Amino acid sequence: MAAVDYLERIPNNVNLKENRRLLRALEEWQPQFLEWWSEMGPVGYQAKEVYLRTAISVDAKGWAQFGYLRMPEYRWGIFLAEPEPGRVINFGDHKGLPAWQEVPGEHRGTLRRLIVTQGDTEPASVEQQRHLGRTCPSLYDLRNLFQVNVEEGRHLWAMVYLLDAYFGRDGREESEALLQRRSGDRDKPRILGAFNEKTPDWLSYYMFTYFTDRDGKYQLAALAESGFDPLSRTCRFMLTEEAHHMFVGETGIGRIVQRTCQHMREHKTDDVRKFGGIDLPTLQKYLNFHYSVSLDLFGSEISTNAANFYTMGLKGRFEETKKDDDHRLKEATYVVTTLDGDRVVTREESALTTLNERLRDDYITDCARGVARWNETIKRHGIDFELRLPHRGFHRAIGSFAEVRVSPEGRILSEAEWDVKKHEWLPTEDDKAFVQNLMQPVVERGKFANWIAAPARGINGQPIDFEYVRLA
Ligand SMILES: [Fe+2]
Ligand SMILES: [Fe+2]
């Protein structure tokens, strides 16, 4: 079961060849996907050999195999984590019943919407990142970008499998629509706001993979708890791929911080821009932006949708089964930070309607860990500066804080105060132009752009100056 069949046109561990109807649907979708990939996937490098990892089995040990591959030849396929024998629904009204192996009829529409919303983010991020290849800071980084891109493509396959296998005709229509929306398009945008933002430079890219891919981790983790077993198993395997995306973000920003500190020490100045480094206040502004748009992805503090997803057994909490409570939450409460007039307050609310906020809290805790590690680097260089996560109300477009202006410290501001100060907190046109300007490609083996340090080690035990992308 764990082995993936690569003799098939669509590699899979779901015994696709026994399911003629599904096989036909996916074989029809495959050329449309490849067309989308060539139209909207990475610009340039499609004919180059890239040192990529491919999943060959889904068990914890050695699921990956590394080798040179042209991206269009990547073996996108369908991989589900191993079934857990006797798995039950672990929360909500159906708690204790056997997990669903087919779509529960009464929750069909809701479940489809959840899958489509998750699925839509996957091609969106590929579209957002498609121009980055031409400004890569190194071959190592270029390879990591492409690894993330092909895996986001595979995540789309994962969701399309669920739609085609379990939702019949309307599932197939949704599968096609996933290839038709476009990130940032005015007429047919991607579903969620952050996935319509541009990722125009590598600083934005690392921030995106740190903050926005981490939202993905929490959404997938909550869906991995689902009572709909195929969704749970699909998401469990996706999470193993997602870990690499966040690694790219965390180490990417960490390496920029390191290089900035080196510039500061070497030239004895905070103003490292003229030496080709990205100053720490600019890093803080980019962090503020990407963190706040990623917080929005969790939705409103109070949400009856979130309550329904839970009660229906479709979407659980982060680490649901490790929690020690009744897993129904009808009587339970949860403390949320919200707005009361023009004051930030904490308030006890129903645990069910506040599930978005609980997931956001888990996410915030996780985000803070990386920030602490970046700060250790700054401290090690003897520099008195701390990167910070801004207040959760800062620069929000969704939820109660969307109605007000909040400073990074959590103070409610007048519109006039905000206008005066926002340039200190969010990237200005000048900041963006400066960062854009730094983005000159470096494609010589073992060389890195001057604004980012080399990584501590290479990929899969290879040296740092390994030929991660063959340009010849
Ligand atoms: Fe993904
Ligand atoms: Fe990702």
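What follows is calculated from the coordinates using simple rules that are stated; it is not laboratory data. Every value quoted in this text rests on a predicted model; they were computed, and no experiment measured them. Heads up, the Cβs are rebuilt from the backbone with ideal geometry, glycines too, and the neighbour counts pull from every protein chain shown.
Out of curiosity, is residue 172 part of a helix (DSSP H, G or I) and either in contact with a strand residue (DSSP E or B) (Cβ under 9 Å, 6 or more places away or on another chain) or within 13 Å of ligand 2 (Cβ to nearest atom) (or both)? The answer is no for residue 172.
In the stretch 31-56, what residues are among the polar types (S, T, N, Q) and touching a residue at least 24 places away in the same chain (Cβ under 8 Å)? Answer for the stretch 31-56, where residues must be among the polar types (S, T, N, Q) and touching a residue at least 24 places away in the same chain (Cβ under 8 Å): 32, 38, 46.
Remark: pairs (first residue in the stretch 142-157, near ligand 1 (Cβ under 10 Å from one of its atoms); second residue outside any helix (DSSP H, G or I); Cβ separation under 7 Å; 6+ apart in sequence or on different chains) = 153/76; 154/76.
Scanning the stretch 238-252 for residues being touching an Asp or Glu at 6+ places or on another chain (Cβ under 9 Å) and within 14 Å of ligand 1 (Cβ to nearest atom) gives a total of 8.
Within the stretch 221-261, if we keep just the residues that are small (Gly, Ala, Ser) and within 11 Å of ligand 2 (Cβ to nearest atom), the residue that is surrounded by the most Cβ atoms within 10 Å (Cβ to Cβ) turns out to be 249. Residue-level check: of (1) under 23 Å from residue 404 (Cβ atoms); (2) assigned to a helix (DSSP H, G or I); (3) touching an Asp or Glu at 6+ places or on another chain (Cβ under 7 Å), residue 301 misses just (2).
Could you please give the count of residues in the stretch 312-358 that are of a type in the set (S, T, N, Q) and in a loop (DSSP other than H, G, I, E, B)? Total satisfying the criteria: 2.
Of all the criteria given as (1) closer than 23 Å to residue 29 by Cβ; (2) more than 16 Å from ligand 2 (Cβ to nearest atom), the one not satisfied by residue 201 is (1). Checking every residue in the stretch 207-220 against the condition of being within 22 Å of residue 104 (Cβ to Cβ) and more than 15 Å from ligand 2 (Cβ to nearest atom) gives zero matches. For the stretch 42-52, the count of residues that are of a type in the set (Gly, Ala, Ser), within 16 Å of ligand 1 (Cβ to nearest atom) and either in a strand (DSSP E or B) or under 28 Å from residue 205 (Cα atoms) (or both) is zero.
Quick one: in the stretch 71-116, of everything that is part of a loop (DSSP other than H, G, I, E, B) and aromatic (Phe, Trp, Tyr), which residue is farthest from residue 58 (Cα to Cα)?
Among those residues, the one meeting the criterion is 91.
How many residues are among the acidic types (Asp, Glu) and out of contact with any helix residue (DSSP H, G or I) (no Cβ under 8 Å at 6 or more places or on another chain) when one looks only at the stretch 164-184? Total satisfying the criteria: 1. Do we find that residue 119 is within 13 Å of ligand 2 (Cβ to nearest atom), without any contact (Cβ under 8 Å) to a residue 60 or more places away in the chain and either more than 21 Å from residue 200 (Cβ to Cβ) or outside any loop (DSSP other than H, G, I, E, B) (or both) in this structure? In short, yes. Filtering 440, 436 for residues that are assigned to a loop (DSSP other than H, G, I, E, B), surrounded by fewer than 14 Cβ atoms within 10 Å (Cβ to Cβ) and touching a residue at least 60 places away in the same chain (Cβ under 8 Å) leaves a single hit, 440.
Taken together, the residues in the stretch 375-432 that are surrounded by 13 or more Cβ atoms within 10 Å (Cβ to Cβ) and outside any loop (DSSP other than H, G, I, E, B) amount to 20.
Can you tell which of 181, 169, 143 is more than 20 Å from the chain's Cα centre (by Cα) and either at negative phi or crowded, with 22+ Cβ neighbours inside 10 Å (or both)?
It is 169.
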